[in-house]
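Participant: One structure, as structure tokens, below. Some questions next.
The values are calculated or read from the model by the stated rules, or taken from the named source; none is laboratory data. Everything numeric here is computed off the predicted structure, so don't read it as measured data. Reconstructed Cβ throughout: ideal geometry from the backbone, glycine too, with neighbour counts over all protein chains shown. Surface accessibility is based on the protein's heavy atoms, side chains included, excluding ligands, DNA and RNA. Shrake-Rupley method; radii C 1.70, N 1.55, O 1.52, S 1.80 Å.
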Amino acid sequence: MYLDTDKFLIELGKLYERNKGSGTVYITMKRTNMKPKPKKGASASGTSDDYLCLVRATDGKKKISATVGAKDHMRFQAAYATLMKAHMDSLKKKDKKRGKGKATTN
């Protein structure tokens, strides 16, 4: 499902909440040069070669995606970082196994 950036961040937060106990959320970002669809009433003459960032997220059941322009990337990255920091608390700590060390030879 293609969303604008604000709705994408809201839906991403919902994905994290749904998978908080157990589950995984996969996020991919890649540069793309696909042209955004012109809105009604806007002129198509203002074309530029700016690249967009395609952001996708899925939990295996639901897929969401959005494109972020060069003008909005700083605001999007700040909001995305805040969202990631808020949902990092459900990570599990890695179990450290302690061995007996090296065997001594006499």
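Participant: Going by average Cβ density within 10 Å per residue, which order do the peptides 13-20, 27-34, 51-58 take, highest to lowest?
Facilitator: Averaged packing, sorted descending, gives the order 51-58, 13-20, 27-34.
Participant: Could you please put Tyr80, Tyr2 in sequence from largest to smallest accessible area, using a 1.4 Å probe?
Facilitator: Result of the area sort, largest leading: Tyr2, Tyr80.
Participant: Could you please report the charge total around Ile64, scoring K, R as +1 and D, E as -1 over all other residues with beta-carbon less than 9 angstrom from its beta-carbon?
Facilitator: +3
Participant: Could I ask something else about it? Measure off 7 Å from each Cα along the Cα-to-Cβ vector at Lys96 and Arg18, then give the distance between these two points in nanometres to one decimal.
Facilitator: It works out to 3.7 nm between the two label points.
Participant: Sticking with this structure for a sec: Do the alpha carbons of any pairs in Lys40/Lys62; Lys14/Lys94; Lys14/Lys71; Lys61/Lys96; Lys30/Lys85; Lys30/Lys96 sit beyond 23 Å of each other, and which pairs?
Facilitator: Lys40/Lys62; Lys14/Lys94; Lys14/Lys71; Lys61/Lys96; Lys30/Lys96, as the Cα separations exceed 23 Å there.
Participant: Also, I was wondering about something else. Work through the residues other than Val55 whose Cβ is under 14 Å from its Cβ and net out their charges, Lys, Arg +1 and Asp, Glu -1.
Facilitator: Net charge around Val55: +2.
Participant: Between Thr82 and Asn33, what is the spin-label point distance in nm, taking each point 7 Å from the Cα along the Cα→C-beta axis?
Facilitator: Reported label-point gap for Thr82 and Asn33 is 3.4 nm.
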